[in-house]
Ligand SMILES: NC(=O)c1ccc[n+]([C@@H]2O[C@H](COP(=O)([O-])OP(=O)(O)OC[C@H]3O[C@@H](n4cnc5c(N)ncnc54)[C@H](O)[C@@H]3O)[C@@H](O)[C@H]2O)c1
């Protein structure tokens, strides 16, 4: 189950956090992975850890808002490992400000990374994914990192929510367009709840600042208590879902959204 032997994956924003854990787990599952990020030193460290554990990984500088970087990243995957079977559009940013507080520059950054980045990755990896799909029984796969904030409203960051809502529907539309064109690329999204990463911590800081506090600890406690399963998520919880969606075990999943949130949106 959930094996990726012989597959080649490109993961954006994978120097750390959910993307980093996904790279590690994909390599462990038999894939060759290309990590693309703007945090070059951290990305090289993640590659070192994966290769030290016997996995195959490479790092490439990838700012997801740049077409040239995407072209180079896809070329790196096909050049180093011969093809590209899996794209994980994972890079994302969170601002944590209200509608009346966020600046236009901050909004533009959210849109550039969370939406333009996903669009460019999808467009510029499509040809290579299509090519790999020709010799794969169950085709190639794209997994987009949306959020539960892309399914239900977020009072903490309504603009982040808007970008993730966009990713949710773009996933379904891409699945339909690529199916209509017979590309054999499955496209699905994953919707994490609050996960303990740098971004997860930013959400606690944002909650604390709403109450005029610099201490994120009470916010972390409050959020933890609000999760029906009783704990915050960890990157591995999400990485397992991403590996599943990328694997042939999800061969009949297309245009779907996998919610991994400990029950938060069940209520
Ligand atoms: N942590 C959570 O609670 C949570 C919840 C729901 C969804 N998500 C989503 O999961 C994904 C991963 O988040 P995370 O929690 O691991 O966050 P993180 O901040 O730990 O990691 C995000 C990564 O994206 C990279 N990145 C940022 N801008 C980039 C750019 N322009 N080009 C390339 N890389 C860039 C960062 O350098 C970093 O390595 C994001 O899309 C996020 O929105 C996270």
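Start at zero, step by 5 Å, and the Cα-Cα distances of the chain spread as 1, 7, 13, 18, 20, 17, 12, 7, 3, 1, 0, 0 percent across the bins.
Using just the C-alpha positions of the range 1-75 as equal point scatterers, what log10 of I(q)/I(0) does the Debye formula give at each q in 0.14, 0.18, 0.20 1/Å? Those come out to -0.37, -0.60, -0.73, one per q. Note the angle between two axes, namely the Cα long axis of helix 235-246 and the longest principal axis of the Cα atoms of the chain, as a number of degrees from 0 to 90, rounded to the nearest 10. Roughly 40 degrees, rounded to the nearest 10. With viscosity 1.306 mPa s and temperature 10 °C, the Kirkwood radius over alpha carbon pairs of the range 1-135 converts through Stokes-Einstein to a diffusion coefficient of 105 µm²/s. Calculate how large, on average over all directions, the projected area of the Cα convex hull of the range 170-261 is; give the answer in nm² to one decimal. Here the figure is 7.1 nm², rounded to one decimal. Rg over Rh for the range 44-100 works out to 1.10, both radii taken from alpha-carbon positions and Rh defined as the Kirkwood radius. Each of residue 198 and residue 51 was given a label point 7 Å from its Cα along the Cα-to-Cβ line. The distance between the two points is 2.2 nm. Taking label positions 7 Å along the Cα-Cβ direction at both residue 101 and residue 236, the computed distance is 3.4 nm, reported to one decimal. Each of residue 116 and residue 5 was given a label point 7 Å from its Cα along the Cα-to-Cβ line. The distance between the two points is 4.3 nm. Length available on full extension from residue 209 to residue 108: 0.36 nm per residue minus the Cα-Cα distance, which gives 34.1 nm.
Put one equal scatterer on each alpha carbon of the range 116-224, apply the Debye formula with no solvent term, and list log10 I(q)/I(0) at q = 0.09, 0.10, 0.12, 0.19 1/Å to two decimals. Debye curve over Cα of the range 116-224, log10 I(q)/I(0) at q = 0.09, 0.10, 0.12, 0.19 Å⁻¹: -0.33, -0.40, -0.53, -0.93.
Computed from the coordinates by the stated procedures, all read-outs in this text should not be read as laboratory data. In this text, all values refer to a predicted model and were calculated from it rather than measured experimentally. When we count neighbours, we look across all protein chains shown, and the Cβ atoms used for this are built from the backbone with ideal geometry, even at glycine.
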